[in-house]
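Participant: What follows is a single structure, and I will ask about it in a moment.
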Amino acid sequence: MSLRVIAGTARGMKLKPVPGCSTRPIMDRVKEALFNIIGSDIRDANILDLFAGTGSVGIEALSRGAARAHFNERDRAAIKTIYHNLDHTGLKSKARVTRRDAFDLISRSPERNYRFIYVAPPQYKGIWLKTLAAFDANRQWHNPDRQIIVQIDPSEYDTNPPFERLLESDQRKYGRTMLLFYRFALHSDAR
């Protein structure tokens with residue numbers, strides 16, 4: 001699979017994939033659709049790419065004008081790949097890369113006021129639901145202006161997740177990829 005930056009300052013630059021099969025990169029057409037949905041809201045925004053893999057989503061955000069991107073990943077090969085891709089695209093100065101367990105990161109307060117959080121964990125293990133439940137449980141992350149975007153296989157979708165403060169605001173399906181959009185409810189919206 002060929003990975004590239006679709007638009008912005010690094011447009012057309014190829015990204016290196018993570019060796020092996022430990023990650024599932026977002027396909028270009030899904031990434032393009034995602035950023036068409038986000039639109040100009042990405043400009044000057046902070047983004048957290050929680051299960052970053054190649055760094056493709058965060059790099060696309062930076063290329064399109066995001067202020068900062070935080071890439072978090074546990075896999076060593078993926079971390080090396082993210083650094084390579086940031087160097088290659090010239091976007092390293094706007095990036096922070098951490099090698100941490102995602103749930104440890106979520107258990108603390110956010111390092112920045114992230115406008116977008118991208119969640120694309122390993123498939124078929126229910127990790128996306130556990131991740132959103134962790135965000136839902138930690139009030140320090142609750143912000144009605146924050147959007148959490150989840151990438152899953154459609155077969156993983158749960159129509160009735162047990163969240164108190166997270167509300168699904170949109171969903172899109174592109175073949176074997178589903179994007180789910182969540183926001184934190186205002187007090188009056190809570191279930």
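The values are calculated or read from the model by the stated rules, or taken from the named source; none is laboratory data. Values in this document were obtained by computation on a predicted structure and should not be read as measured data. Please note: Cβ atoms are built from the backbone with ideal geometry, for glycine as well, and neighbour counts cover all protein chains shown. Accessible surface is based on the protein model in full, side chains and every heavy atom, while ligands, DNA and RNA are left aside. Shrake-Rupley method; radii C 1.70, N 1.55, O 1.52, S 1.80 Å.
Participant: Across the stretch 134-146, what is the total count of residues that are open to solvent by 40 Å² or more (accessible area, probe 1.4 Å) and either more than 19 Å from residue 169 (Cβ to Cβ) or not in a loop (DSSP other than H, G, I, E, B) (or both)?
Facilitator: The qualifying residues number 3.
Participant: Taking only pairs six or more apart or across chains, which ones have beta-carbon atoms under 6 Å, a first residue in the stretch 4-23 that is more than 25 Å from residue 123 (Cα to Cα) and at pLDDT 95 or above, and a second residue that is open to solvent by 50 Å² or more (accessible area, probe 1.4 Å) and in a loop (DSSP other than H, G, I, E, B)?
Facilitator: Final answer for the pair search is 7/64; 8/64.
Participant: For residue 93, indicate whether it is farther than 27 Å from residue 156 by Cα and of a type in the set (Gly, Ala, Ser).
Facilitator: Details: farther than 27 Å from residue 156 by Cα: yes; of a type in the set (Gly, Ala, Ser): yes.
Taking the combined requirement at face value, the residue satisfies it.
Participant: Quick check: anything in the stretch 48-57 touching a helix residue (DSSP H, G or I) at 6+ places or on another chain (Cβ under 6 Å) and assigned to a helix (DSSP H, G or I)?
Facilitator: No, the stretch 48-57 contains no residue that is touching a helix residue (DSSP H, G or I) at 6+ places or on another chain (Cβ under 6 Å) and assigned to a helix (DSSP H, G or I).
Participant: Go through (1) of a type in the set (S, T, N, Q); (2) at pLDDT below 95; (3) assigned to a helix (DSSP H, G or I) for residue 123 and report which single condition fails.
Facilitator: (3)
Participant: A further question on this structure: Of the residues that make up the stretch 47-61, is at least one open to solvent by 70 Å² or more (accessible area, probe 1.4 Å), free of Cβ contacts under 8 Å to residues at least 60 places away in the same chain and not polar (S, T, N, Q)?
Facilitator: At the first step, the residues of the stretch 47-61 found to be open to solvent by 70 Å² or more (accessible area, probe 1.4 Å) are none.
So far as the stretch 47-61 goes, no, none of its residues is open to solvent by 70 Å² or more (accessible area, probe 1.4 Å), free of Cβ contacts under 8 Å to residues at least 60 places away in the same chain and not polar (S, T, N, Q).
Participant: Within the stretch 82-92, does at least one residue satisfy the condition of being in contact with a Pro (Cβ under 7 Å, 6 or more places away or on another chain) and surrounded by fewer than 19 Cβ atoms within 10 Å (Cβ to Cβ)?
Facilitator: Within the stretch 82-92, the subset in contact with a Pro (Cβ under 7 Å, 6 or more places away or on another chain) is none.
Within the stretch 82-92, none of the residues are in contact with a Pro (Cβ under 7 Å, 6 or more places away or on another chain) and surrounded by fewer than 19 Cβ atoms within 10 Å (Cβ to Cβ).
Participant: Here are some residues: 64, 96. Which one is more than 18 Å from residue 3 (Cα to Cα), modelled with pLDDT of 95 or more and either open to solvent by 30 Å² or more (accessible area, probe 1.4 Å) or of a type in the set (Asp, Glu) (or both)? Spell out how you get there, then give the answer.
Facilitator: Numbers: 64 fails: more than 18 Å from residue 3 (Cα to Cα).
It is 96.
Participant: If I ask for residues that are over 23 Å from residue 30 (Cα atoms) and hydrophobic (A, V, I, L, M, F, W, C), which ones from the stretch 55-98 would you list?
Facilitator: 77, 97
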